[in-house]
Amino acid sequence: MTSSTIAESSLTDPAVRAGLCDRLMDLRPLTDPYLAVEVARQTHQGESATVNTRLDKALAAVIRDRMLHEASGRRVPFLKTASRIVAPLAATHQLAPAEVEVLQFAVHLSFEYPGIVGSPTAPLALKSDLDPGYQPAMPLRQILESQRAAGPDGLNTSYLVSQMKGGMSVDMGIGCPLMCAYCYRREGDTVDGYLGSWKPVEFIEADEAVERLLAHPWFTPHVTPIGLHMSTSEAFIPQLWPRTLQALQRMDALGLTNRVSCITKYGLSDQQIAELEALRNVDLDINICYAAMPESVEPPNRAKRLDFLRRALQSRLNVLAYYRPIAEGLNTTDAHIRSVWHTFKKAGARVVVLGGLKFSDDHVNSFMSYGLPLPAGSFTPGKKLLTADTERRIMTIFDEVYADVPEPDRPAVLKRSSCGRVVVRGSYLPDYNAHHDQPETNCRLRCPLTQHAVCASAPTPTPELVRHLLARMQRPFTRFTIAGGAVTVHDDIDPFERTFLRQNLLYPVDTEQQAATKISHTLNLAEVAR
Ligand code: SF4
């Protein structure tokens, strides 16, 4: 590789890139994303009609082979472009690192960046100039203040877009009519729980919800994992389904390829499934809960839900079987566990996520008032409980039930939702909550080896990327270091700020205390191994 090859591309020049982005603004939104790659290619060729470098061939291949799309016609999501487009082309054409970087820029150029964050040159940074005519739904400082006043799990019931552990929740109504006895929204363990009502209230329209998302300084187009009604209701109940679909279609029309999750105990018709399958950009997953819970505790119709699970698994959607909630004494006999695995096996589940129950003193009162037996175990406020013994029995019975299925054809079984969501998409990205920093706790069930490799080689972020994110937190002077497989933040930040950093960097982010605990844990393990 010679340096003169690199010098042929004007696209290594930041000023040329900025000019290209400006000129393409006139064409946005792009109905044909290959046009952006073609414009980049022509800029790379410059005045020369004979240029035929490796990079030119790689850019031409993106266009000729329609690599920005999957065979189904769906867009390859932004986050997967590095592993699905750029890395294979870099290997085929033996590109130098600087050429790889230009190729990635050209691919980024083909995406849309609606809202206040992101550009092809700096996908994680606040925009320096907003798009002509764009008015954010609210000033940035006001949105951050409402985020900081959110409940203990991050739920922001005033702005209705919340940074939570599972991603950013977009909520278009609060309240759920399904009346599960263990529901942790019902008795006010948040700032205002269900506002005293099981019936969904406080509706906002889908367009307004998406506008609020685009104005939120913590929302990154194509990167932020999103949940619809992650913790306020059920995305598929009839009262909310029209808004859920409209919000998804609106994001799709904006060209957003963010991962979006819907968690449900409800069901959809084949027609509704087809409407979700028709999305071309949004990268949706459906998480269907089933844990053989007695119907006195979890009323939603079991037969209908299992029928939905079976039909959804036959669709083109990303579907996770959510083995949740697992509550000691309520659904943890061997018979319960066996019945869940037989159900998942019959339905054809490919990715299963386990999860315990979150339970508080409020629930004790409600369970007793319904005459229901209490789950066993000692609960920590805000934490889900799944004991090691129950987890071990679940996996032992899994082995029995799947004994006649060849090992590679058995489902993946994960402890964390974010892990399930990367595995179901084909193991191209590290876990967005970076649980791989504690593999002995988080990775010990049945995560595929290919996914382990992806998580273990999560790219180390640059200081510049971290600074872009700190600016979005309005904490530009926060001190941090990048070392030892994590970003360590040396000033006080709250847990949801840390979540925001982690989900954008796809890399562990620790406080000093957490970093110190990890070091002593590693030293102890080394001591035991000696
Ligand atoms: S390797 Fe660990 S962190 Fe990564 S997806 Fe698997 S279980 Fe999750």
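General remarks:
- Hits in the range 303-352 (condition: of a type in the set (Asp, Glu) and over 23 Å from Glu407 (Cα atoms)): Asp307, Glu328
- Residues located in the range 120-172, provided they are outside the structural domain of Thr232 (by TED's automatic domain parsing) and among the acidic types (Asp, Glu): Asp129, Asp131
- So Ala456, is it within 12 Å of the ligand (Cβ to nearest atom) and free of Cβ contacts under 8 Å to residues at least 24 places away in the same chain: yes
- The residues of the range 292-325 that are over 23 Å from the mean Cα position of the chain (by Cα), buried (at least 24 other Cβ atoms within 10 Å of the Cβ) and not charged (D, E, K, R) amount to a single one, Met293.
- Identity of the residue in the range 384-415, part of a loop (DSSP other than H, G, I, E, B) and not aliphatic (A, V, I, L, M), that ends up farthest from the chain's Cα centre (by Cα): Asp404
- Of the listed requirements (1) farther than 25 Å from Arg148 by Cβ; (2) within 9 Å of the ligand (Cβ to nearest atom); (3) in contact with a Leu (Cβ under 8 Å, 6 or more places away or on another chain), Ala434 misses just one: (1).
- Scanning the range 410-428 for residues that are of a type in the set (A, V, I, L, M) and within 9 Å of the ligand (Cβ to nearest atom) gives Ala412, Leu414, Val422, Val423.
- Members of the range 456-480 that are of a type in the set (Ser, Thr, Tyr) and out of contact with any strand residue (DSSP E or B) (no Cβ under 9 Å at 6 or more places or on another chain): Ser457
- Looking at Ala349, Ala321, just one residue is touching a residue at least 24 places away in the same chain (Cβ under 8 Å), among the hydrophobic types (A, V, I, L, M, F, W, C), under 18 Å from Val424 (Cβ atoms) and assigned to a loop (DSSP other than H, G, I, E, B), and that residue is Ala349.
- Test result for Ala18, part of a helix (DSSP H, G or I), modelled with pLDDT of 90 or more and farther than 22 Å from Ile85 by Cα: yes
- Among the residues of the range 222-257, those identified as assigned to a loop (DSSP other than H, G, I, E, B), touching a residue at least 40 places away in the same chain (Cβ under 8 Å) and within 17 Å of Met164 (Cα to Cα) are Val223, Thr224, Pro225, His229, Met230, Ser231, Thr232, Ser233, Glu234.
- Residue within the range 212-231 that is out of contact with any Phe, Trp or Tyr (no Cβ under 8 Å at 6 or more places or on another chain), buried (at least 23 other Cβ atoms within 10 Å of the Cβ) and at positive phi present: yes
- Scanning the range 332-362 for residues that are under 13 Å from Thr387 (Cα atoms) and either polar (S, T, N, Q) or surrounded by fewer than 17 Cβ atoms within 10 Å (Cβ to Cβ) (or both) turns up just one, Thr332.
- Any chance Ile85 is crowded, with 17+ Cβ neighbours inside 10 Å, assigned to a helix (DSSP H, G or I) and either without any contact (Cβ under 8 Å) to a residue 60 or more places away in the chain or in contact with a Leu (Cβ under 8 Å, 6 or more places away or on another chain) (or both): yes
- Every condition in (1) within 24 Å of the chain's Cα centre (by Cα); (2) more than 27 Å from Pro476 (Cα to Cα) is met by Leu89 except one, and the failing one is (1).
Here's the yes/no breakdown for (1) more than 14 Å from Trp218 (Cα to Cα); (2) touching a helix residue (DSSP H, G or I) at 6+ places or on another chain (Cβ under 8 Å); (3) modelled with pLDDT of 95 or more:
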site	(1), (2), (3)
Thr92	yes, yes, yes
Ala98	yes, yes, no
Leu103	yes, yes, yes
His108	yes, yes, yes
Glu112	yes, no, yes
Gly118	no, no, yes
Ala125	no, yes, yes
Leu130	yes, no, no
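- Residue within the range 151-159 that is touching a helix residue (DSSP H, G or I) at 6+ places or on another chain (Cβ under 8 Å), crowded, with 20+ Cβ neighbours inside 10 Å and either at pLDDT below 80 or β-branched (Val, Ile, Thr) (or both) present: no
- Residues (modelled with pLDDT of 95 or more and not hydrophobic (A, V, I, L, M, F, W, C)) located in the range 477-490: Thr478, Arg479, Thr481, Thr488, His490
- For the condition at pLDDT below 95 and not assigned by TED's automatic domain parsing to the domain that holds Arg74, Ala209 does not qualify.
The rows are residues; the columns are (1) in contact with a strand residue (DSSP E or B) (Cβ under 6 Å, 6 or more places away or on another chain); (2) outside the structural domain of Ser296 (by TED's automatic domain parsing); (3) at pLDDT below 95; (4) away from the ligand (no atom under 16 Å from the Cβ).
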site	(1), (2), (3), (4)
Thr380	no, no, yes, yes
Thr396	no, no, no, yes
Pro430	no, no, no, no
Gln438	no, no, yes, no
Arg444	no, no, yes, no
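- Gly267 meets each of the listed conditions (1) more than 23 Å from Thr81 (Cβ to Cβ); (2) without any contact (Cβ under 8 Å) to a residue 24 or more places away in the chain; (3) small (Gly, Ala, Ser) apart from (2).
- Every residue from the range 413-427 that is closer than 16 Å to Phe78 by Cα and not charged (D, E, K, R): Val422, Gly426, Ser427
- Odd one out for His490, checked against (1) in contact with a Ser or Thr (Cβ under 8 Å, 6 or more places away or on another chain); (2) buried (at least 20 other Cβ atoms within 10 Å of the Cβ); (3) within 28 Å of Arg141 (Cβ to Cβ): (2)
The values are calculated or read from the model by the stated rules, or taken from the named source; none is laboratory data. For clarity, every value in this text was computed on a predicted model and none was experimentally measured. So basically every Cβ, Gly included, is an ideal-geometry build from the backbone, and we count neighbours across all protein chains shown.
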